[in-house]
Amino acid sequence: MNPLSLRLSAIIVPLLVASLLQAGPASADDDAPPSGYPSWAEVQQAQGNEAAASAEVDRINKLLAGLQQKSGELGAAAIKAGTEYAKAHDALQHQQAVTQKLAEASQQAKAKADSLKTATSSLVVKAYESGGFDPGPWSLANAAIAPDNIQNFALLNRVLDHTAKLHDDALSASQASAAATAQEQAARDVLAQLDSDAAAKAQAAESARRAAEDSVAATDGQRKTMVAQLASLTSTSAAVAQKYQEGQVALAAYQAAQEAKREAAQRQADAAAAAAAAAAASNQQPVQPPISSGGGGGFGGGGGGNVVNDPAGARQYASSRLGAYGWGQDQMQCLSLLWTQESSWMTDATNPSSGAYGVAQALPPDKYYSAGSDWLSNYRTQIDWGLGYIRDRYGSPCNAWQHEMGFNWY
């Protein structure tokens, strides 16, 4: 029992005992031990369920922390991939603009070359129509005969040479521009592939980020469910433990009432014996010494002629010795229940099955000898040994009583 249970027992048990004693003889049903309360095994099962749920919550919390970290890493990767895609796309757009300008320059150079070619042809035709130049097969003869024609021819020839050079320059520029446009187109094709690859990577990274976020959300949902279940199990475990403690208090009250009845019956028997002895003495008849009681619950006498059976005195002595073992009076309730169940506080109580003997039910009985050689008949010696045994093995009478309730021995 815990200190709270002991304090409750100290308050409730005397009240229940008093009410039972005042109620008079009880029926068979009223005299039965309390029932309907959870057992210690059920308390342990409820606590085990709670512990298992708590461990599952811890596992999910660790899993969630890992998923959240992974989601963060994938989010950073998605941002990086998106940035790289943006750079690749900007480079492609810039290259497309450059290529477009080169293509326009190539078209302008070609147009200029075509214009110069047309102008040259027009100039030749014009010279011919004006009679200043005969491009036919007789031009050389005419030139030899007419000196003015030779001058016109030389001038025209220079014009044609200059025009032809401009035409060739324009044509070269057009060809160079076309070559540059082709190179720029090739570069743009490469950048277009890089842009496509970057877009695919960015899309894949974004998909991975969304999947990680979905996983985090799903796991967090599991965590919330398990936390709710844990809260329910914790509440159930506390309720079962509370009911168990209530059952222990009720059982302690029942056992105390039964002990009070046994003591009342013993006092009544002692009074009757004393009356009989008095009557016999008055009649001057020899009085036979009383036979020591062996206690209830299947115990028999076996202590010898000088055994002193005094349950009330034994309890009083045990209560006075608690401080010597480091305990307070709150432990007396548990000790009273323990040795009431074991021996009814009878000095010569003997278990017919195991041979355990005395108030503390030592087994084998000669263990008492370490506390005193009069252990066979002196309940004080037995109690001193029993308190030392409880201290060394269980730490306190309440711990020993809890073990007794769980296993029916201590």
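Could you name the lysines whose alpha carbon sits less than 24 Å from that of residue 112, not counting residues in the same chain fewer than 8 places away? Filter leaves 101, 126, 165. Please list, in order, the residues from the stretch 225-265 whose amide nitrogen is less than 20 Å from a point placed 7 Å along the Cα→Cβ vector of residue 68. 225-231, by backbone N distance to the label point. Rounded to the nearest 10 square angstrom, residue 166 shows an accessible area of 70 square angstrom against a 1.4 Å probe.
Heavy-atom accessible area, probed at 1.4 angstrom with all protein chains present, ranks 327, 339 as 327, 339, highest first. Name the residues of the stretch 30-53 whose amide N is less than 19 Å from a point 7 angstrom out from the Cα of residue 242 along the C-beta direction? Under cut-off, by backbone N: 36-40, 42-51.
Each peptide in 186-193, 310-317 was scored by the mean count of other Cβ atoms within 10 Å over its residues; highest first, the order is 310-317, 186-193.
Put simply, the amide H of residue 362, placed in the peptide plane, has neighbours under 5 Å in 357, leaving out anything fewer than 5 places away on its chain. Simple spin-label estimate for residue 224 and residue 76 gives 2.8 nm between the two label positions (7 Å along the Cα-to-Cβ direction from each Cα). Less than 5 angstrom separates the built amide H of residue 346 from none of the residues sequence-distant by 5 or more or on a different chain.
In this simple spin-label model, placing a label point 7 Å from the Cα along the Cα-to-Cβ direction at both residue 280 and residue 363 gives a separation of 3.6 nm. The stretch 64-96 and the stretch 253-281 have Cα centres lying 94 Å from one another. Annotation: residue 223 carries an accessible surface of approximately 60 Å², with a 1.4 Å probe and no ligand, DNA or RNA atoms counted.
The values are calculated or read from the model by the stated rules, or taken from the named source; none is laboratory data. Note that this is a predicted model, so its numbers are computed, not measured. Here the Cβ is made from the backbone with ideal geometry for all residues, glycine too, and neighbour counts use every protein chain on show. Side chains are part of the model used for accessible areas, which takes the heavy atoms of the whole protein and leaves out ligands, DNA and RNA. Shrake-Rupley method; radii C 1.70, N 1.55, O 1.52, S 1.80 Å.
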